[in-house]
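Asks: One structure follows; several queries about it will come next.
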Amino acid sequence: MWRKILVGIILSLLFAVPALSFSISPVRFFITGDPAGIETVKINISNTEARDLVFRPVVYGVRQGNGGQPVFEKNIDVAESWVKPEMATLAVASGNKGVMRFEIKIPRGVPPGSHYLGLGVEPVNDAVGNIGVMTRALSLLTIQVSGVAYEVLQVEKFEHIAARVGEPNWLFDLTLTNKGNVEVNATGDAKVLDWRGNEITTQPIFSSARIISGASKMSDFNIDAAGRGFWPGLYQVQVKVGYGITKQNVISLIYVWYLPVWSLVVVGILFLIFIGSVVFLARRYQMKKIMARL
Amino acid sequence: MLCFCKIKLLVLVILALVTFSLPTNLLAAMSSADYYIYADTVDTGGIFSTGGDYTLDSSAGESSPAGFSNNGTYEMRGGYQAMDRGYINIYISDASLSLGTLNAAIVGSASTVATISTNASTGYVLQVGSVSGTALASVADGSVTAGSEEYGVSGAGAQNSISGDVAVAAALILASSTVAIDGSATTFTFKAAMSPSSVAGDYSQIVTLSASANF
């Protein structure tokens, strides 16, 4: 055993490459193209490292993570195959700039809608035989294939997460899904109404959140019922999300019972008083009957 | 009264003035003290189309992007190729990390600082783009502990997105910002530990950090 421990394990992450620094511009592209059309985009690279670097182009598909951020992966968007870098590598001297061009050919017959890609560059690993921490910078590319665009945002889930009905802090789980073929900007508000439908309060949930086609946005939010001085009872919580250039709204409503501990105590005391009164009156009635017989 | 030769001379002068006052390169970036046109365009045609409630005045033969602008309510994407002219810079202080020779009594560690600068209004996200090579078993309990075979990474910094020690895996969000930021530095510490039953050998990885603007 001790020999194994002494031999140990060497885990190393690169031995040769020092610091790395570079920039790309722009950070976002939007292209609207026809099927069978060809576009060319260029990414400007600035080598801000103290040595010359060789860059290679990279193309990734993009999905939207739970937090709304872009996540780059291979083979998740058919449009990855539409992009062809014009060169395999590009050498950029220290302190200099270079341009990496990508040709985008939209195939014939592609249906209208948006596709999301990450185009960028990464320095070629010049540490032969070693491994380490590499870097990559990506520009977000939205390809809008021309045709009829439709904006559809749906509420997939809207639930009240509560351990008990008297929870003073109401937690909600909201999931929205973009069922349209283009990205939308969405702004959401939560409205609390009493059992008769009268508005009590409104609070923002999120503002100008971008949701790409096919993506889901998960948004948990809370309403501080105790802090806002809500009385015990039945409430309606309405979520209203406005979205898109077409200025549509999607609305979802759920009911929430709010019975805090103090209200249950009060109800309990009132119940005991009621029972006590009934018992007292019953006994008094019995006593009166007995007295009447005597 | 002007004679014919004077009129001819005047016309020539006017033509010369008009000719030399035109920009010599219509597709170049233009600027002055008060403005900067990053990309302009010259197109050669286009048609006016209608379809129910919508109309489209298209252009053709465009040879350069034209950018986009908005005022909160409307967004104009000039031409058919628009861009957000911002930049993103990524700097890694040390791309060469060595965790040394491990034994069951220690946790090997090494750090690098990733610094991101961007003027993108939506901020940035830094994530693990890809991982390759060999490694010890990934940490699963939030902490790399001596005596247990575990390998992971932790982060420190204002924009750090990692909590505790986590497994090094593709798509792991390391740091992010929702606003433009200059010099956002996050320190990442790679850690490894072995158990007495760990298989002895050399382990190595390539971890690619990927930086981009947010949507």
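The values are calculated or read from the model by the stated rules, or taken from the named source; none is laboratory data. From a predicted model like this one, the values you see are computed outputs, not experimental measurements. As a convention, Cβ positions derive from the backbone with ideal geometry for all residues, glycine included, and neighbour counts pool all protein chains shown.
Asks: For segment A:67-94, name all the residues that are assigned to a strand (DSSP E or B), buried (at least 16 other Cβ atoms within 10 Å of the Cβ) and in contact (Cβ under 8 Å) with a residue 24 or more places away in the chain. Walk me through it before giving the result.
Replies: Start the filter on segment A:67-94 by keeping residues that are assigned to a strand (DSSP E or B), which leaves A:70-73, A:83-85, A:90-92.
Within this subset, residues satisfying the condition of being buried (at least 16 other Cβ atoms within 10 Å of the Cβ) are A:70-73, A:83, A:85, A:90, A:92.
A:PRO70, A:PHE72, A:VAL83, A:PRO85, A:LEU90, A:VAL92, listed by residue number.
Asks: Within segment B:194-215, track down each residue that is at the interface with chain A (Cβ under 7 Å from one of its Cβ atoms) and more than 35 Å from the chain's Cα centre (by Cα). Steps first, answer last, please.
Replies: At the first step, the residues of segment B:194-215 found to be at the interface with chain A (Cβ under 7 Å from one of its Cβ atoms) are B:194, B:196, B:198, B:200-215.
Those that are at the interface with chain A (Cβ under 7 Å from one of its Cβ atoms) and more than 35 Å from the chain's Cα centre (by Cα): B:MET194, B:PRO196, B:SER198, B:ALA200, B:GLY201.
Asks: Consider B:SER184 carefully, then state whether it is within 24 Å of B:ILE106 (Cβ to Cβ), more than 11 Å from chain A (Cβ to nearest Cβ) and either under 23 Å from the mean Cα position of the chain (by Cα) or free of Cβ contacts under 8 Å to residues at least 24 places away in the same chain (or both). Steps first, please.
Replies: Values: within 24 Å of B:ILE106 (Cβ to Cβ): no; more than 11 Å from chain A (Cβ to nearest Cβ): yes; either under 23 Å from the mean Cα position of the chain (by Cα) or free of Cβ contacts under 8 Å to residues at least 24 places away in the same chain (or both): yes.
No; evaluated as a whole, the condition is false for this residue.
Asks: For segment A:52-66, which positions are surrounded by 14 or more Cβ atoms within 10 Å (Cβ to Cβ) and assigned to a loop (DSSP other than H, G, I, E, B)?
Replies: Matches in segment A:52-66: A:GLY65 only.
Asks: Test B:TYR87 against the criterion of being modelled with pLDDT of 90 or more, of a type outside the set (D, E, K, R) and under 17 Å from A:ARG28 (Cβ atoms), and give yes or no. Spell out the reasoning first.
Replies: Details: modelled with pLDDT of 90 or more: yes; of a type outside the set (D, E, K, R): yes; under 17 Å from A:ARG28 (Cβ atoms): yes.
Spelling it out, B:TYR87 is indeed modelled with pLDDT of 90 or more, of a type outside the set (D, E, K, R) and under 17 Å from A:ARG28 (Cβ atoms).
Asks: Also, I was wondering about something else. Please verify whether A:ILE212 is among the hydrophobic types (A, V, I, L, M, F, W, C) and closer than 18 Å to A:LEU153 by Cα, treating the condition exactly as stated.
Replies: Details: among the hydrophobic types (A, V, I, L, M, F, W, C): yes; closer than 18 Å to A:LEU153 by Cα: yes.
The answer is yes for A:ILE212.
Asks: Can you go through A:VAL41, A:VAL62 and tell me which one is in the same structural domain as A:GLY120 (by TED's automatic domain parsing) and modelled with pLDDT of 95 or more? Talk me through it step by step, then tell me what you get.
Replies: Working: A:VAL41 fails: modelled with pLDDT of 95 or more.
Answer to the check: A:VAL62.
Asks: So B:VAL125 clears everything in (1) crowded, with 23+ Cβ neighbours inside 10 Å; (2) touching a Gly at 6+ places or on another chain (Cβ under 8 Å); (3) of a type outside the set (Phe, Trp, Tyr) except one condition, right? Which one?
Replies: All conditions pass for B:VAL125, except number (2).
Asks: Which one is surrounded by the fewest Cβ atoms within 10 Å (Cβ to Cβ) among residues in segment B:174-214 that are aliphatic (A, V, I, L, M) and over 30 Å from B:ASN103 (Cα atoms)? I'd like the intermediate steps shown before the answer.
Replies: Residues of segment B:174-214 aliphatic (A, V, I, L, M): B:174-175, B:179-181, B:185, B:192-194, B:199-200, B:206-207, B:209, B:211, B:213.
Okay, now just the ones that are also over 30 Å from B:ASN103 (Cα atoms), so B:175, B:179-181, B:185, B:211, B:213.
Details: B:ALA175: 24, B:VAL179: 11, B:ALA180: 16, B:ILE181: 17, B:ALA185: 17, B:ALA211: 27, B:ALA213: 26.
Selected residue: B:VAL179.
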